[in-house]
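Asks: Take a look at this one; I'll ask things after.
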Amino acid sequence: MADSPQTPLLQSAFKGDTELDISFCKEVFFVETLDLSGPRLVMRFDDHFSILRNIMKVVAGDVLTCTLSDPWHENKLNFTAGFKIMSMPVDGELVTLNCLQSEIAATKTPAVKARLFSKESSSVSGIMQCLAPGFSSYDGADDFALLNPYHLLPGERPSLVLRQMAFEHGAVIYASRGKLKIKKLSDLYAATTDVTFEYGNPKSDYQIVTYNHLNKEKLIEDRVVRLNTGFSMTDGFLKSSKHTDAAIEITSADSQTVMDNLSKIAVPVLDIITWGAGHLCSGIPIKFKWNMDVAYDSSLADESLPTKAVVGSVAHYSAGASNYFCRIKAVIPG
């Protein structure tokens, strides 16, 4: 049995039946995202005696079964999963294990043989289960009718097909606490929430310690807002019903529905630091309340700050016996 953990987030880590001594773990990052780049787990170990490398033979490619928990918010984060070590750089006595949840890591492995998913005999749920097996459920898949056929060629990564499918269906696809989800960002944004972050109120359950208002809407619009066009063998030339005055972009889409969906993006609006809360995960809607001291200085009022958004990514960070913070990047439908 390992000694007591030095970080409140990581409770245990096993390589097969052998438990790693997490008392030597100095820092933990658990990052959940609104795409297939996560969940990621980064653990930094003090390996002064090379126990991890020489005795336990931990190497890149190993899968560690890790249990994460939030001891201050009971039952808000009790998550056990396998995490594949993608790299483990060494800096002096410090070994960093950069891990990706094993089910997601499998979608990054280039395919050996081709797979074809026809529009008539396949479904969004079936493609997700075929290309990303191992999840406990596939949420939201039944809400979408398959709009296109898809194929996976040898050497391509399954995550590429999944990302393309979600993009053409106007959705986001992401892993969250053992589930693979495909959802429309507008539906996530419209959902009700009881999580309200407050700035300037130390009594709030969800405090905004610091924030950065990104204001990147115009930059993103300049790069992605286009009038999407395409050609159908049956219907001829087609164009999107969105952004009809924008510059034309020729796509491979042969459906106006798909062309309309190509303009749906996630726009980042806020970068927040808050106290640790294990139930914060990608895809949940959150509200904001800004307690600015406008009576003292009217220039503090910023009406451009959002009042609601969706968690685009959240990084749970833990170091030492009591330090636990979260960094949230919030997005809105574009």
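Quick note: the coordinates plus some simple rules give every number you see, no bench work behind them. As the structure is a computational prediction, the values presented were derived from the model and not from experiment. Cβ placement follows ideal geometry from the backbone for every residue including glycine, while neighbour counts extend to all protein chains displayed.
Asks: Just how far, in whole angstrom, is segment 54-133 from segment 194-265 if you go by their alpha carbon centroids?
Replies: Answer, in whole Å: 29.
Asks: Enumerate the lysines that residue 15 could reach by cross-link, defined here as Cα to Cα under 20 Å, with residues fewer than 8 away along the same chain left out.
Replies: List returned: 26, 57, 84.
Asks: Where does the charge balance sit around residue 131 when Lys and Arg score +1, Asp and Glu -1, over other residues with C-beta under 14 Å from its C-beta?
Replies: The answer is +3.
Asks: Here's another thing I want to ask about it. Starting from the Cα gyration tensor of segment 107-184, take the square roots of the eigenvalues, sort them a ≥ b ≥ c, and report rounded, prolate or oblate (rounded when a/c is under 1.5, otherwise prolate if a/b is larger than b/c, else oblate).
Replies: oblate
Asks: When a/c is below 1.5 the answer is rounded, else prolate if a/b is larger than b/c, else oblate, so apply that to segment 230-294 with a ≥ b ≥ c taken from the square roots of the Cα gyration tensor eigenvalues.
Replies: Details: a/c = 4.70, a/b = 2.59, b/c = 1.81.
It comes out prolate by the Cα gyration axes.
Asks: Also, I was wondering about something else. If you add up the charges near residue 320, with Lys and Arg at +1 and Asp and Glu at -1, over every other residue whose beta carbon is less than 14 angstrom from its beta carbon, what do you get?
Replies: That works out to 0.
Asks: Now, a different point. Give the peptides 100-107, 78-85 in descending order of average Cβ contacts within 10 Å, highest first.
Replies: Put in order of decreasing packing, that is 100-107, 78-85.
Asks: Right, another one. Mind counting lysine pairs for me in segment 107-184? Cα separation below 25 Å, and the two need to be 8 or more apart along the chain or on different chains.
Replies: 9
Asks: Is there a quick way to get the dipole size of the chain? I mean about its Cα centre, with the Cβ of Lys and Arg at +1 and of Asp and Glu at -1; what is the value in debye to the nearest 20? Write out the running numbers ahead of the final one.
Replies: Values: 32 positive and 38 negative charges, 136 e Å.
Dipole about the Cα centre, nearest 20: 660 debye.
Asks: In deg cm²/dmol and to the nearest 500, what is the mean residue ellipticity at 222 nm of the chain if only DSSP H runs of at least 4 residues count, each as -39500 (n - 2.57), divided by the residue total?
Replies: Details: 6 runs with 45 residues, N = 334.
Result for the chain, helices only: -3500 deg cm²/dmol.
Asks: A follow-up question, please. Calculate the FRET efficiency for residue 223 and residue 179 from the Cβ-Cβ distance with a Förster distance of 25 Å, rounded to the nearest 0.05.
Replies: In this case the efficiency is close to 0.20.
Asks: Based on the mean of other beta carbon atoms within 10 Å per residue, what is the order of 243-250, 33-40, most packed first?
Replies: 33-40, 243-250
Asks: Give the label of the value calculated from the structure for volume of the Cα convex hull per residue in Å³, choosing from (i) 163; (ii) 172; (iii) 135.
Replies: This structure yields the entry labelled (ii).
Asks: Now for a different question. Which order do the peptides 196-203, 270-277, 284-291 come out in when sorted by mean C-beta neighbours inside 10 angstrom, highest first? Can you show the working numbers first?
Replies: Numbers: 196-203: 13.9, 270-277: 19.0, 284-291: 16.8.
Those peptides, ordered most packed to least, come out 270-277, 284-291, 196-203.
Asks: Moving on to the next point. What does the charge count near residue 263 come to, summing +1 for each Lys or Arg and -1 for each Asp or Glu among other residues with Cβ under 15 Å from its Cβ?
Replies: Details: positive: 184, 223, 226, 239, 242, 264; negative: 168, 217, 221, 222, 245, 249, 260.
After counting each charged neighbour, the total is -1.
Asks: According to the square roots a ≥ b ≥ c of the eigenvalues of the Cα gyration tensor, what is the shape class of segment 1-108, taking rounded for a/c under 1.5, prolate for a/b larger than b/c otherwise, and oblate for the remainder?
Replies: The shape class here is oblate.
Asks: Next question, about the same structure. Once you put a point 7 Å from the Cα of residue 244 and another 7 Å from the Cα of residue 303, both along the Cβ direction, what distance in nm separates them?
Replies: 3.1 nm
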